[in-house]
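The structure appears below as structure tokens.
The values are calculated or read from the model by the stated rules, or taken from the named source; none is laboratory data. Just so we're clear, the structure is a prediction, and the values are computed from it rather than from any experiment. When we count neighbours, we look across all protein chains shown, and the Cβ atoms used for this are built from the backbone with ideal geometry, even at glycine. Areas reflect the complete protein model, heavy atoms only, side chains present, ligands, DNA and RNA absent. Shrake-Rupley method; radii C 1.70, N 1.55, O 1.52, S 1.80 Å.
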Amino acid sequence: MFSVTVETSFRASHSLTMPDGIEEPTHEHNWKVQATVQTEKLDRHMLVMDFHLLENLLNKAVTPLTKVGSINNDPSFINHNPSAEAIADYIRRQIQNTLPENVELTQVTVWETTTCSASWHKS
């Protein structure tokens, strides 16, 4: 099995409703996101896929989150808490069906801070 990982970052705000019902104030993060894809066999160019293509797909997925004032205002999050876990799942859904044939998304990790991250990963 072979894999490649790309990373990007973006600045955006969000607010969460906590399990106890308390709504935290809107606040901003310097988010970092990594996406990892894999394949069993390299393509004819001896690549999993072009790093730049994966990087472009990742950037395309996160760009809408930077344009809505707060991630809470993005249509995908109107009725959902924009947690790091939910953002990882959102990015997964944006990228998953746009990959080259035989390349599979296996993990998306989203960092809110340098010490706090959440991941979606294929089981």
Mean accessible area per residue over the range 12-86 (1.4 angstrom probe, all protein chains present, square angstrom) is 61 Å²
Per the 1.4 Å probe, what fraction of the accessible area of the chain, in percent, lies on carbon and sulfur atoms?
48 percent
To the nearest 0.05, what FRET efficiency results for residue 20 and residue 122 with a Förster distance of 41 Å applied to their C-beta separation?
0.80
Summing -39500 (n - 2.57) over the DSSP H runs of n ≥ 4 in the chain and dividing by its residue number, what mean residue ellipticity at 222 nm do you reach, to the nearest 500 deg cm²/dmol?
-6000 deg cm²/dmol
Net charge near residue 87: determine it from the other residues with C-beta under 13 Å of the C-beta of residue 87, scoring Lys and Arg +1 and Asp and Glu -1.
-1
Length gained, residue 30-residue 43, 0.36 nm per residue minus C-alpha separation, equals 1.2 nm
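Could you put 18, 49, 1 in order of accessible surface area, largest first, with the 1.4 Å probe and the full protein assembly present?
Result, largest first: 1, 18, 49.
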For the range 80-87, take each phi angle, set θ = phi - 60°, evaluate the Karplus expression 6.51 cos²θ - 1.76 cosθ + 1.60, and give the result in whole Hz per residue in order, putting x for glycine and proline.
9, 5, x, 6, 4, 5, 5, 5
Net charge, residue 53 excluded, C-beta distance under 12 Å - Lys, Arg +1, Asp, Glu -1
-2
Kirkwood Rh, Cα atoms: Rg over Rh of the range 64-123:
1.00
Between the range 1-44 and the range 55-106, the Cα center-to-center distance that results, in Å:
8 Å
Filter the trypsin sites (Lys or Arg not before Pro) in the range 26-123 down to the DSSP loop ones having no more than 11 other Cβ atoms within 10 Å, then list what survives.
41, 44, 67
Which listed residue (38, 52, 120) has the Cα farthest towards the positive end of the charge dipole for the range 4-123, taking +1 on Lys and Arg C-beta and -1 on Asp and Glu C-beta about the Cα centre?
52
